[in-house]
């Protein structure tokens, strides 16, 4: 078995294994392998990948930015979780408290007189500023509302709240809907005046009058 002098393949002939190799050798004789030793079999070449330095730079920069964002996120969350302070927040808190006090008095004070849960003026002290000055308003409210004995409260809504700039006084407009034993379906509006106390509560000091209005 001989070796082709052009391609290095095994050949039965003396010089070239095929007519193609002989033709190629004839065209480029300077490339003919002159030795009788077998030509080395070419091995697959590993082509080096192009350098990716720019990609690595972008990747490392992105990772650094992500790490920085994660490091700062707890601090940002802490800052955002801090409650803002100021007059606007104080006004909002006061309105929430006045709304709750108004609904409480309508549902348990006025309606309490109507359905018998409150059977004397003294039971209204829970909603009034302590002292003799409020005894007369409580008595008058009780006498006015006892005339509606047997009334059932069907709806109550706070329509508007106006708090003073000093956050110590407030007016609350409300609407109530009732089902009265003698007069049937009736609706009223009214205004409660509130005074802010040192313990944070809102208490009443004056008489309020219910005004009959058209039902919605």
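The values are calculated or read from the model by the stated rules, or taken from the named source; none is laboratory data. Quick caveat, the model's predicted, so the values are computed rather than measured. Virtual Cβ from ideal backbone geometry, glycine too; neighbours counted across all protein chains shown.
Listed values, structure above:
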| item | result |
| --- | --- |
| Residue 189 vs. criteria more than 31 Å from the chain's Cα centre (by Cα), surrounded by fewer than 17 Cβ atoms within 10 Å (Cβ to Cβ) and assigned to a strand (DSSP E or B) | yes |
| Filter result (in contact with a helix residue (DSSP H, G or I) (Cβ under 9 Å, 6 or more places away or on another chain), closer than 17 Å to residue 152 by Cβ and assigned to a helix (DSSP H, G or I)) within the range 112-122 | 112, 113, 114 |
| Residues satisfying the stated conditions in the range 172-186, i.e. buried (at least 16 other Cβ atoms within 10 Å of the Cβ) and in contact with a helix residue (DSSP H, G or I) (Cβ under 9 Å, 6 or more places away or on another chain) | 172, 174, 176, 178 |
| Number of positions in the range 123-164 that are in a helix (DSSP H, G or I), exposed (fewer than 15 other Cβ atoms within 10 Å of the Cβ) and under 44 Å from the mean Cα position of the chain (by Cα) | 2 |
| Residue check for residue 98: in contact with a strand residue (DSSP E or B) (Cβ under 7 Å, 6 or more places away or on another chain), in contact (Cβ under 8 Å) with a residue 60 or more places away in the chain and assigned to a helix (DSSP H, G or I) | yes |
| Hits in the range 8-21 (condition: surrounded by fewer than 17 Cβ atoms within 10 Å (Cβ to Cβ) and either assigned to a helix (DSSP H, G or I) or at pLDDT 75 or above (or both)) | 18, 19, 20 |
| Flag if residue 174 is modelled with pLDDT of 95 or more, under 35 Å from the mean Cα position of the chain (by Cα), assigned by TED's automatic domain parsing to the domain that holds residue 94 and not in a loop (DSSP other than H, G, I, E, B) | yes |
| Condition broken by residue 167, with the remaining ones in (1) on the phi > 0 side of the Ramachandran plot; (2) part of a strand (DSSP E or B) satisfied | (2) |
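Residues are listed down the side, and each one gets a yes or a no for (1) loosely packed, with under 10 Cβ neighbours inside 10 Å; (2) at pLDDT 95 or above; (3) more than 16 Å from residue 194 (Cβ to Cβ):
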position: 63; (1), (2), (3): no, no, yes
position: 68; (1), (2), (3): no, no, yes
position: 82; (1), (2), (3): yes, no, yes
position: 89; (1), (2), (3): no, no, yes
position: 94; (1), (2), (3): no, yes, no
position: 98; (1), (2), (3): no, yes, no
position: 103; (1), (2), (3): no, yes, no
position: 111; (1), (2), (3): no, yes, yes
